[in-house]
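Input: a single structure, listed below in structure tokens.
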Amino acid sequence: MKAVVMAGGEGTRLRPLTLGRPKPMVPLVNQSVLSHILDLLKRHGITDVIMTLQYLSGQIRDYYGDGSNLGMNIEYSVEEVPLGTAGSVRKILGKLDDTFLVISGDALTDLDLNCLIDFHRSNGAAATMMLYRVPNPLEYGVVTTDEAGRILRFYEKPGWSEVMSDTVNTGIYVVEPEVMRLVDRDVVCDFSHDLFRQMIHEGQPLYGYVGKGYWTDIGEIETYMAATADALSGAVRLEPLGTHIGGNIWCGGEVEVAHDARLFGPVYLGSGVKIKGGVTVQGPAVIRDNTVVDTGARIERSILWRNSYIGERVEVRGALVGMQCSIKANVIISEGAVVSDNTIIRENAVIQPMVKIWPDKEVEAGATVTTSIIWGSQGRRHLFGRYGVTGMVNVDLTPEFCVKIGAAFGTALRKGAKVVVNREAHNTPRVLKRAVLSGLPSAGVDVLDTATQPIPVTRFYTRHSDASGGIHVRLSPYDNRVVDIKFFGSTGLDLSSREQRSIENVFFREDFRRVYLDEIGQITYPSDVQERYGNHFMGALKRHLWPLPNRYDHVIIDYANASPALVLPDLLTQLKCDVVAINSLVDQSLLFRTRPQWEEDMTRLGSITKALSANFGVRLDVGGERIFLTTNEGEHINGLDALIAVAQLLFRVQPGAKVGVPVTAPRLFEEMAEKCGGTVQRLRLGQTSLMEAATKDGFDLIADDRGLFIFPEFTPFPDGMFAIAKIMELTAQANQSLSDACRERPGYKIERAQVGCQWESKGRVMRRLREQFINRATEVPDGVQLDADGDWVLILSDPDEPCFWVYAEGRDQERARSLVEEYTTEVNALLAE
């Protein structure tokens, strides 16, 4: 059998270790990671190899040649332009005339490949994926299978709410050649993201085999250090590391160790290493070829690459020193620090924890280095979170940082593209927005500065202009010390994970496009933003119904002293609405409200609504995306009741309507829809998932139980301003106030409970739930839902906190409470396993 070894990785997250070498060539103990993979193949009798290369490909070709010195036959395929994992294999399909193996050249593993091959053949599979169970699956492609091993679904780098299993894709596949004909030549295509999803869609036999043994993806410096320790301790089965001289110490050749040096294994010493008098080496530690550790130095849990000099009384603790470095006397290198190739650190310098020094630098004597010395300085692993790029003001998100994130976004777009940039009416977003504005033009991107607008207006203008993307800078609604920078694509929707990763790669490489002076982007201030939004707003309403009868257009609106007050009042005036506005003065000091302050505001809104006998009262959130409602009796309508009432009005005036609701919603939605010939579809939790659903499948309404309403006929994203007008219109059409609709809503009996856990337990627990209750589980888009004698239980992983949620709906409240208690106990039992 032939093996295709994917060895083109650039290793962005391993920088600075990969600045001068391909990721597969990073040394791990006695040889490169790629050499360990070739050893694994040889152990399984696979000696015919084709390597797919791209980044610094010459280094790999020069080192391995034709493979004859390894007893292997190695060929190469070099990509000038990256084609993706499947695209690169499609390019060499002419050399693959039988079942073949695909394996990554930058992981460390001892998994049994023969078991994988036998499983593939016994199932008559078209392709089989080697799977592995990990405690933290967020950085991997999570896979779920049926009892026979047939793959059901992929979750590509999921959030915690999407973690349905702890079983992940290792990037090791057995594939039949005919499968590759599904891939077009010279087209970018990935196995897991593209090809395997297509195979599932077409019903082709795609299987997963859960391997036993050791596997880790060496994607970051922390995992590289951990893999090194595992290799030294014997946690992974490798070829002998060298000559064992006792004390769990291995030598790769002749070494010189002073009689009074103290070595505590596991330790690897490369050929030509010199350990001088009084040196202490505490394992796990690696000291590679020809490195000298001088008198009195102390090395603890560290890795020293070849040809380096460690001076007298130097202390290196939990750190990594690259190739051909010179560390002078009395230097201290602290936990998590990385000193890259060809660096000189002069006497008495101190390198603080987690500092990274890029290659070819020099640190002067006595200096204390507290921040990384690189092309730039930052210490994040990832930029994007649930709310965009988020961080504390002037701590995580500084103006300098924001200039770079603007330049990174601009670099990821084509030269000459346009980006809409907007902010909330607060000084902090204003400062950071201006920094972002500086970075974008430097990459040759034009900026459409829309000043201060609600988020829906920014999304709308991005979608309906010639912009390639948008940015909104806001104060976090959850913490006034934090700012969120939200990024949109050309559709106005949040960026996909792939688009986010593209920006992250540019940012972490600092590979910014710096255009020549006559290509620097322009900043303009479009004057038609609100006009275009307003025209679309009006066009999406049934204008023949307006002005509405007084009973229905009489509402109380709390603008929360935020930017919706700059947009909505004029539109409602055009509609001749009888609206009472409160908190309509935009005031940055009032934008952030604590929970008690918010509740006080809602109580005040309810009192005014009751006093004026309005149709309803409504408070907009600061960004204009969500709404919070009160009845004409002054009572706050909770989010689920508001969703039920609005859906009920829609079904009444539009029989056959299609409504999207959260997976946690009660069954009464299906009952409501059935009565009027409508349909209900349950959707994954989270705003991004709801927006994605709004772009397809012909929904009339999508909403959640937290005040988010999407009317896809208007836009595929939430807009609290349009939702207010639309709800007013629906009440008029139904000849029923919102308060009456709330009072008439069907009853439901739902309970929920929170179960605390460790982050790394989430994937395992979700997998065990699916295995344990496989005969009772029903297919849902999120979590594990179980049938309970006509009632249901839903167990979800919280996306932001280390916990699970257990929801249950019963025939009565006591039954729902009993189910929650029963399955809370089940989850706790699985956590204790």
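Laid out as a table, the results:
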{"quantity": "Filter result for the condition that a residue is among the hydroxyl-bearing types (Ser, Thr, Tyr), within 22 Å of Arg237 (Cα to Cα) and buried (at least 19 other Cβ atoms within 10 Å of the Cβ), over Ser57, Ser32", "calculated": "Ser32"}
{"quantity": "Residue match in segment 110-129 (condition: surrounded by 23 or more Cβ atoms within 10 Å (Cβ to Cβ), under 22 Å from the mean Cα position of the chain (by Cα) and modelled with pLDDT of 90 or more)", "calculated": "no"}
{"quantity": "Subset of segment 304-334 (residues that are in a strand (DSSP E or B) and of a type in the set (S, T, N, Q))", "calculated": "Ser326"}
{"quantity": "Matching residues, segment 609-633, being assigned to a helix (DSSP H, G or I) and surrounded by fewer than 17 Cβ atoms within 10 Å (Cβ to Cβ)", "calculated": "Ala611"}
{"quantity": "Selection from segment 773-787 of residues that are β-branched (Val, Ile, Thr) and surrounded by 15 or more Cβ atoms within 10 Å (Cβ to Cβ)", "calculated": "Val780, Val784"}
{"quantity": "Positions within segment 654-666 being of a type in the set (A, V, I, L, M) and within 15 Å of Phe711 (Cα to Cα), in sequence order", "calculated": "Ala657, Val659, Val661"}
{"quantity": "Any hit, segment 135-149, residues being open to solvent by 30 Å² or more (accessible area, probe 1.4 Å), within 21 Å of Asp217 (Cα to Cα), in a loop (DSSP other than H, G, I, E, B) and hydroxyl-bearing (Ser, Thr, Tyr)", "calculated": "yes"}
{"quantity": "Strands (runs of 3 or more DSSP E) contained in segment 174-278 and holding at least 1 residues free of Cβ contacts under 8 Å to residues at least 40 places away in the same chain", "calculated": "249-251, 262-264, 267-269"}
{"quantity": "Count - residues of segment 483-506 that are under 11 Å from the mean Cα position of the chain (by Cα) and among the small types (Gly, Ala, Ser)", "calculated": "2"}
{"quantity": "Positions within segment 677-700 being closer than 14 Å to Phe651 by Cβ and crowded, with 18+ Cβ neighbours inside 10 Å, in sequence order", "calculated": "Gly678, Val680, Phe699, Asp700"}
{"quantity": "Residue match in segment 397-410 (condition: in contact (Cβ under 8 Å) with a residue 60 or more places away in the chain, open to solvent by 10 Å² or more (accessible area, probe 1.4 Å) and either touching an Asp or Glu at 6+ places or on another chain (Cβ under 9 Å) or not in a loop (DSSP other than H, G, I, E, B) (or both))", "calculated": "yes"}
{"quantity": "Helices (runs of 4 or more DSSP H) wholly inside segment 716-833 containing at least 1 residues that are without any contact (Cβ under 8 Å) to a residue 24 or more places away in the chain and either over 34 Å from the mean Cα position of the chain (by Cα) or under 30 Å from Pro655 (Cα atoms) (or both)", "calculated": "738-743, 813-831"}
{"quantity": "Of all residues making up segment 339-382, the number that are in a loop (DSSP other than H, G, I, E, B), closer than 24 Å to Ile405 by Cβ, at pLDDT 85 or above and charged (D, E, K, R)", "calculated": "0"}
{"quantity": "Flag if Arg752 is over 25 Å from Thr609 (Cβ atoms), charged (D, E, K, R) and surrounded by fewer than 24 Cβ atoms within 10 Å (Cβ to Cβ)", "calculated": "yes"}
{"quantity": "Criterion: open to solvent by less than 10 Å² (accessible area, probe 1.4 Å) and modelled with pLDDT of 95 or more - qualifying residue of Leu668, Leu650", "calculated": "Leu650"}
{"quantity": "Search result, residues across segment 62-119 that are touching a helix residue (DSSP H, G or I) at 6+ places or on another chain (Cβ under 6 Å) and basic (Lys, Arg)", "calculated": "Arg90"}
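The values are calculated or read from the model by the stated rules, or taken from the named source; none is laboratory data. All of these numbers come straight from a predicted model, not from anything done at the bench. Positions of Cβ are backbone-derived with ideal geometry, glycine not excepted, and every protein chain shown enters the neighbour counts. In case anyone asks, the SASA skips ligands and DNA or RNA and just uses the protein heavy atoms, side chains included. Shrake-Rupley method; radii C 1.70, N 1.55, O 1.52, S 1.80 Å.
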